[in-house]
Amino acid sequence: MTVHTEQSTVHTDGTMPASLIRLRMRESALRQQAAQYQARAEHLERVARHQAQQLGRRIDAHEKIVLGALVKKAGMAMPAPHTDIAHDQHENDVESMSSRRGIAAQSAAYDRALILGSLMWLTSALNHPANDAVMVPDRQRLREDGERALRRSG
């Protein structure tokens, strides 16, 4: 590779050769294009991050919708005590509990065995071929399956 010094590239009349001028213009254009590509790459990275966050939120929302539908389908309301006095007391407890500790405290009052049994049934139903008829078992059977699973795990 030949290295040209500033002195050797300048003509005797003080001008640079046309080829050197073209090369410098080309270099400048390539640097500008590289800067544009770099800016575009940074922009695409930001867009990709934003879309990944949006997708994560959308998936989370869909999971909550599916779980909410499952809870509704299984009829998993708060367990109701047997007497009216106990029922009034239970409502007061739930209201005070929810205001103090939030949803974590409320979720402890749900029928965990029924929820677990329903989730286990849903898993097995999703593994069936699409053309198979799937029958929903009664709530008592779902609860019993959930209780067995809870006993095994704990």
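Check off (1) loosely packed, with under 11 Cβ neighbours inside 10 Å; (2) part of a helix (DSSP H, G or I); (3) at pLDDT below 95 for D88 and give me the number that stays unchecked.
All conditions are met except number (1).
For region 102-124, which residues satisfy the criterion of being surrounded by fewer than 13 Cβ atoms within 10 Å (Cβ to Cβ) and at pLDDT 80 or above?
If the condition is that a residue be surrounded by fewer than 13 Cβ atoms within 10 Å (Cβ to Cβ) and at pLDDT 80 or above, then T123, S124 are the ones that fit.
Cβ-Cβ below 9 Å, separation at least six or inter-chain, first residue in region 18-37 and without any contact (Cβ under 8 Å) to a residue 40 or more places away in the chain and in a helix (DSSP H, G or I), second among the aliphatic types (A, V, I, L, M) and surrounded by 10 or more Cβ atoms within 10 Å (Cβ to Cβ): which pairs?
Filtered contacts from region 18-37: R24/M16.
Only residues that are within 13 Å of L70 (Cβ to Cβ) and at pLDDT below 80: list them for region 127-143, please.
V136
The values are calculated or read from the model by the stated rules, or taken from the named source; none is laboratory data. This one's a predicted model, so the numbers in the text were calculated from it and none came from an experiment. A quick note on method: Cβ atoms are made from the backbone with ideal geometry, for glycine too, and the neighbour counts reach across all protein chains shown.
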